[in-house]
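The values are calculated or read from the model by the stated rules, or taken from the named source; none is laboratory data. Quick caveat: nothing in here was measured; it's all calculated off a predicted structure. Backbone-built Cβ (ideal geometry, glycine too); neighbour counts: all protein chains shown.
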Amino acid sequence: MAFPIIQFKATNTEMNEELQDFTEKKLSSLEKFINDEETDLKCAVEFEKITAQQSGEVYRVEVNFFKEGTLFRAESTKDGFEKAVDEVRDELDKEMRRAHKKQATMVKRGGRAIKDMLRFGK
């Protein structure tokens, strides 16, 4: 299944086509965590320029990714939108990888419990 359509929002900044394309390209690498039968997928990305300061880390990116009722959220503030998108993508990858491993571990644990019940009758 393809990555879901991304809803973009800009606060205190201008949104351009290049930034949207860059973000879609980076986040599409998370497709490996999406199964073909999953239909409840939503992705929202917010770009914000912090107006309280003029230089430094003033560009903030927030991503909310809903996958079958589970929220994966990442936020980053850097000195450029591209750097912030890279960091957000890495954080989402780490969260989704951890959730995937946890689910696989629970399935294995359940299988072991059933096998023990069948073997020992408890």
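Observations, loosely collected:
- Of all the residues in segment 14-34, those that are closer than 19 Å to Arg73 by Cα and part of a loop (DSSP other than H, G, I, E, B) number 1.
- With respect to the conditions (1) of a type in the set (A, V, I, L, M); (2) within 19 Å of Gln7 (Cα to Cα); (3) surrounded by fewer than 17 Cβ atoms within 10 Å (Cβ to Cβ); (4) more than 13 Å from the chain's Cα centre (by Cα), Val107 lacks only one, and its number is (2).
- Some residue of segment 43-61 being over 17 Å from Lys9 (Cβ atoms) and part of a strand (DSSP E or B): no
- Some residue of segment 81-94 being in a loop (DSSP other than H, G, I, E, B), under 21 Å from the mean Cα position of the chain (by Cα) and either within 19 Å of Met15 (Cβ to Cβ) or of a type in the set (S, T, N, Q) (or both): no
- Pick from segment 31-67, criterion modelled with pLDDT under 90 and of a type in the set (A, V, I, L, M, F, W, C), ranking: nearest to Lys101 (Cα to Cα): Phe33
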